[in-house]
Amino acid sequence: MKLKLACSAFLVPFLAACETTPPRADVVQIPAFAETERVASSGDAADDPALWVAPDAANSLIVGTDKQAGLYAYGLDGNITQFLAVGRVNNVDIRQDVTLGSQVMDIAIASDRDNLALAVFTIDAQTGALAPAPNGIIPIAGFADPYGACLYHAADGTLYAFVTDKEPGTVVQIVLGWDGTGVTGEEVRRFTVGSITEGCVADDRTGLLYVAEEMVSVWRYSAEPDGGETRAAIIPVDGVHLTEDAEGLALVERGETGGWLFVSSQGDSSYTLVDLETLDVAGRFGIGGGDIDEVSGTDGIEVMIASLPGHPRGIMMAQDDEEDGGGQNFKYVDLGAILDALGLE
Ligand code: CA
Ligand code: CA
Ligand code: CA
Ligand code: CA
C-alpha cells in the first residue's frame, strides 16, 4: 500500500520525505533513453506496462495503465498512439501468437477494478490496435478489488490469466478460450497469499508463477492449474534487498531455466535482480543520471527481450511516480545497459 502524503507547507518541515524516497545512492543509476507522454489522470495514476512486439520491431508498442481511466499504447518514442477509456484497469499483460479456439491471436489482459473482473483485449497482429474482446469482461466471484494480473502461456498451448485480489491476496487462475461469439474464461484454481498482493509474472518455459506479497516476500508457485498452494520464498521484503512495497515483476529469460527475476522495490526507488536458478541476488540498480528525470517510487515494470532499433538486447520499462513538471509516466531503459552495468550477460 503506497501512502500518499500531501506535501503541504505545514507538513514539509516534519517529514523526512514527501511522497517518495529519493533514489538510493548505493545502487548504480542507469539513465532512461526515452519516456512516454504523461497519463491524463492526476495523482497516483500510471501503474503497469506491457509490451507488444510488431512484425517490424521499430513499430512495437508499450501498453500502460492509467489506473483511474484506461489503457494507453505508446510508440518506442513515447508518443501516445491509442487510448482506450475502459475505466480503472490496474495491471496489464500481453501474450502474442496464442491460439484461442481456432484463432491465432495477440491478447492483452487487465485487472478491472470497475467491473470486479478480468478484462480481455485483442491486439491487431499487424497494427497493434487494441480493442475490448467480445465477451471480454469476465467477472471474478468474490473479488473486492482486482489488483494484479498476468498471463501464462503453457507448454501445451493453453492460455491462463492470473488475477490477484488486493487483500488478503487471493489469486485466481482462469483458463481462456474462444467459443465463436467471443472470449470464454473459467476459473480453474484459487489460493490466498496472505496479505496485500499485486505483481505477478509467469515463466512460460518452466511453468512457474512469481507473486509479490507487497510487504512480505516474493513467492514462487507452480503456474499449472493443479499446482495447489505449495510455494517457496524467493526474496524477502526486508528493507535491504527489497523495500516495501514489492511492486512489479518481470523476467529476463536465459536458456531453459536461467535468467533473472526483476523486482520493483518501490520504497527505495530501485530494482533487484534475482538469479532464477540460484535465487541469489544478482544485482540492483535505479533509473536516473541522464537527461531524462529519474524514476522514483517505482511501480509496475516490464522487460522486452527483442532486437529493437538501437537496443539490440531489448528494453525495460518502468512506471515513474513523479514526472518532472508533474504527473506520472513510463520510462524506457536499454536492457543491455542494465546487464552490462551489473556484469551480467
Ligand atoms: Ca501495489
Ligand atoms: Ca502497482
Ligand atoms: Ca521522475
Ligand atoms: Ca521527464
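The values are calculated or read from the model by the stated rules, or taken from the named source; none is laboratory data. Values in this document were obtained by computation on a predicted structure and should not be read as measured data. So basically every Cβ, Gly included, is an ideal-geometry build from the backbone, and we count neighbours across all protein chains shown.
For this structure, a couple of remarks:
- Residue match in the range 313-330 (condition: among the hydrophobic types (A, V, I, L, M, F, W, C), touching a Pro at 6+ places or on another chain (Cβ under 7 Å) and closer than 23 Å to Leu209 by Cβ): yes
- Residues in the range 300-323 that are part of a strand (DSSP E or B) and more than 16 Å from ligand 1 (Cβ to nearest atom): Val303, Met304, Leu308, His311, Ile315, Met316, Met317.
- Of residues in the range 242-285 being within 16 Å of ligand 2 (Cβ to nearest atom) and aromatic (Phe, Trp, Tyr), the one surrounded by the most Cβ atoms within 10 Å (Cβ to Cβ): Tyr271
- Matching residues in the range 165-211 - criterion: being of a type in the set (Gly, Ala, Ser), part of a loop (DSSP other than H, G, I, E, B) and under 30 Å from Arg254 (Cα atoms): Gly169, Gly207
- Complete set of residues in the range 253-264 that are on the phi < 0 side of the Ramachandran plot, assigned to a strand (DSSP E or B) and either within 16 Å of ligand 3 (Cβ to nearest atom) or over 13 Å from the mean Cα position of the chain (by Cα) (or both): Glu253, Arg254, Gly258, Trp260, Ser264
- Cβ pairs under 8 Å, 6+ apart, first in the range 187-211 and within 11 Å of Ser222 (Cα to Cα) and at pLDDT 95 or above, second small (Gly, Ala, Ser) and in a strand (DSSP E or B): Gly207/Ser222; Leu208/Ala202; Leu208/Ser222; Leu209/Ala202; Leu209/Ser222; Tyr210/Ala202; Val211/Gly148; Val211/Gly199
- For the range 315-345, the set of residues classified as farther than 14 Å from Asp44 by Cα and within 16 Å of ligand 3 (Cβ to nearest atom) consists of Met316, Met317, Ala318, Asp324, Gly325, Lys331, Tyr332, Val333, listed by residue number.
- Counting the residues of the range 268-299 that are within 16 Å of ligand 3 (Cβ to nearest atom) and either not in a strand (DSSP E or B) or not hydroxyl-bearing (Ser, Thr, Tyr) (or both) gives 17.
- The residue that is modelled with the lowest pLDDT, counting only those in the range 293-319 that are more than 16 Å from ligand 4 (Cβ to nearest atom) and β-branched (Val, Ile, Thr), is Ile305.
- The range 55-77: number of residues that are in contact (Cβ under 8 Å) with a residue 60 or more places away in the chain and crowded, with 18+ Cβ neighbours inside 10 Å: 8
- Yes/no for Glu302 being in contact with a Lys or Arg (Cβ under 7 Å, 6 or more places away or on another chain) and away from ligand 3 (no atom under 16 Å from the Cβ): no
- Taking the range 34-78 as the range and being over 19 Å from Leu335 (Cβ atoms), of a type in the set (A, V, I, L, M, F, W, C) and assigned to a strand (DSSP E or B) as the test, the residues that pass are Ala46, Leu71, Ala73.
Results for (1) modelled with pLDDT under 95; (2) of a type in the set (S, T, N, Q); (3) under 18 Å from Glu229 (Cα atoms); (4) within 16 Å of ligand 3 (Cβ to nearest atom), shown as yes or no for each residue.
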{"position": "Asn135", "(1), (2), (3), (4)": "no, yes, no, no"}
{"position": "Pro146", "(1), (2), (3), (4)": "no, no, no, no"}
{"position": "Tyr152", "(1), (2), (3), (4)": "no, no, yes, no"}
{"position": "Gly157", "(1), (2), (3), (4)": "no, no, no, no"}
{"position": "Tyr160", "(1), (2), (3), (4)": "no, no, yes, no"}
{"position": "Thr170", "(1), (2), (3), (4)": "no, yes, yes, no"}
{"position": "Gln173", "(1), (2), (3), (4)": "no, yes, yes, no"}
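- Counting only strands (runs of 3 or more DSSP E) that sit completely within the range 79-164, those holding 2 or more residues that are within 19 Å of the chain's Cα centre (by Cα) and touching a residue at least 12 places away in the same chain (Cβ under 8 Å) correspond to 80-84, 89-100, 103-112, 117-123, 146-153.
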